[in-house]
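Enquirer: Here it is: the structure, laid out below.
The values are calculated or read from the model by the stated rules, or taken from the named source; none is laboratory data. Computed from a prediction, not measured in an experiment: that's the story for all the values here. So basically every Cβ, Gly included, is an ideal-geometry build from the backbone, and we count neighbours across all protein chains shown.
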Amino acid sequence: MASIPMHQGLLLAGILFALGLVGLLVRRNVVFTLMSLEIMLNAAGLAFVVAGARWGQADGQIVFMFILTMAAAEVSVGLALALRIYHRFKSLDADAVSEMKG
Amino acid sequence: MEIVFYIAAIVAVASTIMAISRLNPVHALLYLILSLLSVAIIFYVLGAPFVAALEVIIYAGAIMVLFVFVVMMLNLGQRAVDMERQWQRGSMWIGPSILALVLIAEVAYLVAGPGTASYGGAAIEPKQIGIALFGPYLIGVELASMLLLAALVGAYHLGRRTPEKTEK
């Protein structure tokens with residue numbers, strides 16, 4: 001297969017993770033927040049696959065499949081919550097839900 | 001093969017930047033699907049064809065279709081774009097971008113140190129993955145199935161329509 005230096009793959013995973021983090025910090029829409037979480041999870045999976053390809057073992061890909069499962073579970077519950085928030089507050093603003101004044 | 005990796009990496013970073021900065025949710029979703037597909041190409045180049053197929057089928061297929069359905073159900077239109085434009089000011093991007101750049105610089109410094117290695121091995125076949133998945137990682141598979149069941153029950157409970165009188 002291709003002879004790509006390992007640090008370039010890890011650097012790409014880091015860049016994608018940081019982009020997801022910026023999106024998570026900046027956006028206020030609940031749907032965009034969930035999308036940024038997906039970007040971050042995907043970047044973490046990419047780092048695992050890069051490491052698995054480096055050592056020629058299947059473990060990295062198996063961890064990616066667990067991350068995939070977790071992302072699917074998280075996004076289904078998160079989107080159901082987003083629908084509830086929209087029906088109740090008529091807005092997708094994450095700040096609209098801050099009713100619990102603690 | 002190397003040039004495919006670099007082109008796919010550039011496409012992935014550019015489409016992710018577009019995905020987190022668009023105002024219209026549907027445009028952002030399409031850019032995010034593009035980003036996931038380019039990551040799938042990277043997986044294929046790295047010798048992980050099975051995971052590349054999973055990325056296309058489950059991430060770009062199933063999970064993004066969920067997002068598209070929810071955006072369609074919410075029926076967001078021009079009003080949502082106007083609201084996003086009101087929320088997004090240019091100055092909001094400065095702080096998080098600087099912090100993320102610092103993190104990226106640290107990661108680049110750490111991974112580009114001495115003793116970097118290249119990939120030389122062959123592709124990892126799906127058979128190897130299956131043997132490892134149902135051998136040493138069997139407990140993980142069971143836990144993943146329980147997690148999916150919990151997510152199914154949770155999503156059903158949250159998505160259920162409750163009568164108005166039990167609301168509040």
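Enquirer: What is the residue count in the stretch A:1-27 for residues that are within 22 Å of B:Q88 (Cβ to Cβ) and outside any helix (DSSP H, G or I)?
Expert: Adding up the residues that qualify gives 1.
Enquirer: Name the residue, out of B:L74, B:L29, that is without any contact (Cβ under 8 Å) to a residue 12 or more places away in the chain and within 9 Å of chain A (Cβ to nearest Cβ).
Expert: Working: B:L29 fails: without any contact (Cβ under 8 Å) to a residue 12 or more places away in the chain.
None of the others qualify; the one that does is B:L74.
Enquirer: Condition test on B:I20, is it over 22 Å from A:V63 (Cβ atoms), more than 9 Å from chain A (Cβ to nearest Cβ) and not basic (K, R)?
Expert: Taking the combined requirement at face value, the residue does not satisfy it.
Enquirer: Give the stretch B:44-63 a look and list any residue that's within 20 Å of A:A73 (Cα to Cα) and of a type in the set (F, W, Y), or say none.
Expert: The answer is B:Y59, and nothing else.
Enquirer: For the stretch A:52-69, indicate whether the set of residues that are modelled with pLDDT of 90 or more, surrounded by fewer than 23 Cβ atoms within 10 Å (Cβ to Cβ) and closer than 27 Å to B:M18 by Cβ is non-empty.
Expert: Yes, because at least one residue in the stretch A:52-69 is modelled with pLDDT of 90 or more, surrounded by fewer than 23 Cβ atoms within 10 Å (Cβ to Cβ) and closer than 27 Å to B:M18 by Cβ.
Enquirer: Facing chain B (nearest Cβ under 7 Å) and aromatic (F, W, Y) - does that describe any residue in the stretch A:51-70?
Expert: Scanning the stretch A:51-70 turns up at least one residue that is facing chain B (nearest Cβ under 7 Å) and aromatic (F, W, Y).
Enquirer: Which members of the stretch A:1-15 meet the condition of being surrounded by fewer than 24 Cβ atoms within 10 Å (Cβ to Cβ) and at the interface with chain B (Cβ under 7 Å from one of its Cβ atoms)?
Expert: A:M1, A:A2, A:S3, A:I4, A:P5, A:M6, A:H7, A:L10, A:L11, A:G14, A:I15
Enquirer: Taking the criterion of being in contact with a helix residue (DSSP H, G or I) (Cβ under 6 Å, 6 or more places away or on another chain), among the hydrophobic types (A, V, I, L, M, F, W, C) and within 8 Å of another protein chain (Cβ to nearest Cβ), would at least one residue in the stretch B:52-63 satisfy it? Write out each step before concluding.
Expert: First pass over the stretch B:52-63, keeping only residues in contact with a helix residue (DSSP H, G or I) (Cβ under 6 Å, 6 or more places away or on another chain): B:52, B:55-56, B:58-60, B:63.
Now restrict to residues that are among the hydrophobic types (A, V, I, L, M, F, W, C): B:52, B:56, B:58, B:60, B:63.
Among the residues that remain, those that are also within 8 Å of another protein chain (Cβ to nearest Cβ) are: B:58, B:63.
Yes, because at least one residue in the stretch B:52-63 is in contact with a helix residue (DSSP H, G or I) (Cβ under 6 Å, 6 or more places away or on another chain), among the hydrophobic types (A, V, I, L, M, F, W, C) and within 8 Å of another protein chain (Cβ to nearest Cβ).
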